[in-house]
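Student: Have a look at the structure that comes next, please.
The values are calculated or read from the model by the stated rules, or taken from the named source; none is laboratory data. Remember, predicted model here, so these are calculated numbers, not experimental data. Using ideal geometry, Cβ is built from the backbone for each residue, glycine included, and neighbour counts are taken over all protein chains shown.
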Amino acid sequence: MTSTLGKPPREIEIVGNLSNLPASARGPRNLVWWGNIGFMLIEGTGFALAAAAYLYLMTQSSEWPAGGAQPPGLFWSGLFTAGMLLSQLPNLWVLRCARNKNVAGTRIGTLAMSVIPLLLMAARAMEFRHLGVAWYDSAYGSAVWLLLVLHTTHLITEWGETVVIGTWLLTHEVGDDQFADVEDNSNYWTFVVLCWLPVYALVYWAPRAA
């Protein structure tokens, strides 16, 4: 084997200069943004499959709710739905702050969005208590609980992510990457809100229209 020691180094050919590229990006130029969209598509498909199971059972039953169950109560579900819709006000505000690179507003808005889901989860807990059916009572009960547990899982997951982002914002310097993270998180919260609306219609109003 011939040694290359002592030979002069080869000349390096520069094929491109990347020094002018930005160090970070947001929106469709950010790979994480596309990953977030992918999560929404996958999880939206999960909601669609659960809704399809509910509708299939509904069309195959002579009465709905099946098994003589009463339609779920409207008070706590209505309170929860109103809270979800109102949560979009601070959510869109923090999104705007992140896009404008407003550090103080982004920190305050993310902190608010870390507290709001806790209030919503308290309403959701009461909602479960007034469904009027257990998950093991019938296929109807299983379908109802599947839809609500699926949405509650997303609610808790999004709250946990917001807490992590908020903690980072309060303990570290905020840069472009963090603003992009807040923007993606805000978009995902909008997804959670929008997914709830058809679930709410199916669980609470479809039995009353049947």
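Student: Is it fair to say Ala50 is surrounded by 15 or more Cβ atoms within 10 Å (Cβ to Cβ), out of contact with any Pro (no Cβ under 7 Å at 6 or more places or on another chain), closer than 30 Å to Leu148 by Cα and at pLDDT below 90?
Tutor: In short, no.
Student: OK, next. I'm trying to understand the selection: among the residues of segment 138-168, which are of a type in the set (A, V, I, L, M, F, W, C), without any contact (Cβ under 8 Å) to a residue 40 or more places away in the chain and crowded, with 16+ Cβ neighbours inside 10 Å?
Tutor: If the condition is that a residue be of a type in the set (A, V, I, L, M, F, W, C), without any contact (Cβ under 8 Å) to a residue 40 or more places away in the chain and crowded, with 16+ Cβ neighbours inside 10 Å, then Trp145, Leu155 are the ones that fit.
Student: Still on this structure, please answer the following. Looking only at segment 84-104, which residues are under 30 Å from Trp205 (Cα atoms) and either at pLDDT below 95 or buried (at least 17 other Cβ atoms within 10 Å of the Cβ) (or both)?
Tutor: Met84, Ser87, Pro90, Asn91
Student: Check segment 105-128 and report whether any residue there is in contact with a helix residue (DSSP H, G or I) (Cβ under 6 Å, 6 or more places away or on another chain), polar (S, T, N, Q), more than 21 Å from Gly83 (Cβ to Cβ) and modelled with pLDDT of 95 or more.
Tutor: yes
Student: Would you point out the residue of segment 1-47, among those that are polar (S, T, N, Q) and closer than 27 Å to Val182 by Cα, that is modelled with the highest pLDDT?
Tutor: Restricting to residues being polar (S, T, N, Q) and closer than 27 Å to Val182 by Cα, the top hit is Thr45.
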